[in-house]
1. In region 234-242, is there at least one residue being within 17 Å of the chain's Cα centre (by Cα) and over 22 Å from PRO174 (Cβ atoms)?
2. Taking the options GLY261, GLY257, GLY239, GLY265, name whichever one is of a type in the set (Gly, Ala, Ser), crowded, with 18+ Cβ neighbours inside 10 Å and within 21 Å of GLY180 (Cα to Cα).
3. Tell me, yes or no, whether region 118-134 has at least one residue that is aliphatic (A, V, I, L, M), more than 30 Å from GLN34 (Cβ to Cβ) and crowded, with 17+ Cβ neighbours inside 10 Å.
4. Tell me yes or no: at least one residue of region 260-281 is under 19 Å from the mean Cα position of the chain (by Cα) and assigned to a loop (DSSP other than H, G, I, E, B).
5. Can you tell me which residue is nearest to HIS249 (Cα to Cα) among those in region 291-309 that are of a type in the set (A, V, I, L, M, F, W, C) and at pLDDT below 90?
6. Of the residues that sit in region 194-218 and are touching a residue at least 40 places away in the same chain (Cβ under 8 Å) and under 16 Å from VAL242 (Cα atoms), which one is nearest to the chain's Cα centre (by Cα)?
7. Regarding region 279-290, can at least one residue be identified that is more than 19 Å from HIS170 (Cβ to Cβ), among the aromatic types (Phe, Trp, Tyr) and at pLDDT 90 or above?
8. Those residues that are touching a residue at least 40 places away in the same chain (Cβ under 8 Å) and of a type in the set (S, T, N, Q), I need them from region 123-149; list them, please.
Amino acid sequence: MNGLLITGTALAGLVIGGVLDPIGQMLADLSRVQDDRRRAERARQAVDEERLRLGGQVPTALPPEGTALPVEPLGIGEALLPAAPGVPAAPGVPDVPVPADSPAADKAEPEAVHHLLAAGRSPARTVSAAILTAILFGGAAYHFGPHVVVAPFCAFFALLVTVSVTDLSHRLVPRWLIYGGLVVIVPLLMVTSAVGHSWHSLTGSAIAGVVAFSLFFAVWWFVPRGMGFGDVRLAGTIGVAVGYLSLLHAYIAFLAGFVAGLVFGLAVMATSASGRKTRIPFAPSLALGAVFSVFWGGHVAQAFFPVGS
């Protein structure tokens, strides 16, 4: 019976993983376009505000070196950076390059890791994502056995694989993937609690989700270049899913995720020319920590927190 359950669940994961991968790529492309439009709109608003501040006049050229400026010069920001791809630059505003050896360059946004996975249509990436999803689905069936709790965690694993792939291929976690995942996972967790009469598990799920989202939101708020807001959404989702098992499972998930992120970051920085300024995709590390906690978090809790587990 368990063998049939594991095989059937793995086959379902193979199909679901193969379907979700191109959907994730499509949503990542859409999110990228929307983000570029928002940045361009903020740039135009900044230009309009500066034009009003200068009485309707915006300098069309930089003055000769050594010439005193009649007003405070514009800062190096979005309004002076080249416009997003496909969006024309604001008229009358020159593009101001930042020299590589200038102090402003040190404050520039860190370089992101490019092309860790191919973006767009890639049969090799899709097949790999499908196989990985199938392995995780089969692992969930083996770990939990013939229990309804397999369903929400299979949905959770499918989400983790998809967002990890989009982060590696596009360096972002599409918000609609997270929202769609929550729409599926949360009702399944509620059904699981109703079947097993374990409503206290939903309480732990809610607490872990809120705490994880709040902590990651604080990091994003004070260090916005340190992580994307997609990581904040993903952290809250991991808290909801893994916190259903226990708060210790959630703690172990994020601890393992940060350790995985540290190892991954050191490996990438060691092979990247930009060194410490490299921006590392964080979603795969968080996903790896979550998977580790679901399968082995109980053993870790028993070994290190025997009283609380």
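1. The answer is no; no qualifying residue exists.
2. Values: GLY261 fails: within 21 Å of GLY180 (Cα to Cα); GLY257 fails: within 21 Å of GLY180 (Cα to Cα); GLY265 fails: within 21 Å of GLY180 (Cα to Cα).
Among GLY261, GLY257, GLY239, GLY265, only GLY239 is of a type in the set (Gly, Ala, Ser), crowded, with 18+ Cβ neighbours inside 10 Å and within 21 Å of GLY180 (Cα to Cα).
3. Within region 118-134, the subset aliphatic (A, V, I, L, M) is 118-119, 124, 127, 129-132, 134.
Now narrow it down to the ones that are more than 30 Å from GLN34 (Cβ to Cβ): 131, 134.
When the remaining residues are screened for being crowded, with 17+ Cβ neighbours inside 10 Å, the result is 134.
Within region 118-134, one or more residues are aliphatic (A, V, I, L, M), more than 30 Å from GLN34 (Cβ to Cβ) and crowded, with 17+ Cβ neighbours inside 10 Å.
4. yes
5. Taking the candidates together, the pick is ALA301.
6. First, pick out the residues of region 194-218 that are touching a residue at least 40 places away in the same chain (Cβ under 8 Å): 195-196, 201-202, 204, 207-208, 212.
Checking which are under 16 Å from VAL242 (Cα atoms) leaves us with 201-202, 204, 207-208, 212.
Working: SER201: 26, LEU202: 24, GLY204: 23, ILE207: 21, ALA208: 18, ALA212: 14 Å.
Taking the candidates together, the pick is ALA212.
7. First, the residues of region 279-290 that are more than 19 Å from HIS170 (Cβ to Cβ): 289-290.
Subset that is among the aromatic types (Phe, Trp, Tyr): none.
No, because not a single residue in region 279-290 is more than 19 Å from HIS170 (Cβ to Cβ), among the aromatic types (Phe, Trp, Tyr) and at pLDDT 90 or above.
8. THR126, THR133
The values are calculated or read from the model by the stated rules, or taken from the named source; none is laboratory data. Keep in mind that what you see is a predicted model, and the values were worked out from it rather than measured. A quick note on method: Cβ atoms are made from the backbone with ideal geometry, for glycine too, and the neighbour counts reach across all protein chains shown.
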